[in-house]
Amino acid sequence: GGVTVGGDIVGRDKIVGTQISQVQLDQAFRPLEEAVRAATPERQAEAMQKLKELKTEAAKGKDAQDGVVAKLVKGLVGLIPSAVSAVVSAFATPILGGIAGPVTKYVLDEIQGK
């Protein structure tokens, strides 16, 4: 009874390639974008800029720089403290969870108070 497999065996979500589509990014970041839109007007513009930079970096997929992603996440939460749950849920998706490196994971734990 041997088993032969031709291809990949995946136990859960499989992320292939290094590029993430814009539609996937928009879906993953939708809760965070809503949190930014609900922010006070004086913080909204800066937060929207950070979100745009975060999307740009995340679009690089596996080539995204972990330190840059972590810094942008921390900056967003610093501007909009109520966005913590939106940030955490965005990075809980397989798409963004797949690009979150150790620095980003540390920041996510830190903003959750872990």
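Quick notes on this one:
- Applying the criterion of being in a loop (DSSP other than H, G, I, E, B) and of a type in the set (Val, Ile, Thr) to the residues of region 76-112, the residue that is most open to solvent (accessible area, probe 1.4 Å) is THR93.
- Residues in region 25-46 that are within 21 Å of GLY61 (Cα to Cα) and open to solvent by 70 Å² or more (accessible area, probe 1.4 Å) were compared, and the one that is modelled with the lowest pLDDT is GLN27.
- Checked against (1) modelled with pLDDT of 90 or more; (2) open to solvent by 30 Å² or more (accessible area, probe 1.4 Å); (3) more than 17 Å from ARG37 (Cα to Cα), GLU57 meets all criteria but (2).
- Hits in region 33-75 - residues which are among the aliphatic types (A, V, I, L, M), part of a helix (DSSP H, G or I), touching a helix residue (DSSP H, G or I) at 6+ places or on another chain (Cβ under 9 Å) and more than 15 Å from VAL103 (Cβ to Cβ): ALA35, VAL36, ALA47, MET48, LEU51
- Selection status of GLY78, out of contact with any strand residue (DSSP E or B) (no Cβ under 6 Å at 6 or more places or on another chain), closer than 13 Å to ALA28 by Cα and not aliphatic (A, V, I, L, M): no
- GLN44 polar (S, T, N, Q) and touching an Asp or Glu at 6+ places or on another chain (Cβ under 7 Å): no
- Which listed residue is of a type in the set (A, V, I, L, M, F, W, C) and over 10 Å from the mean Cα position of the chain (by Cα), from VAL73, VAL84, VAL88: VAL84
The values are calculated or read from the model by the stated rules, or taken from the named source; none is laboratory data. In this text the structure is predicted, and so the values were computed from the model without any measurement. A quick note on method: Cβ atoms are made from the backbone with ideal geometry, for glycine too, and the neighbour counts reach across all protein chains shown. Side chains are part of the model used for accessible areas, which takes the heavy atoms of the whole protein and leaves out ligands, DNA and RNA. Shrake-Rupley method; radii C 1.70, N 1.55, O 1.52, S 1.80 Å.
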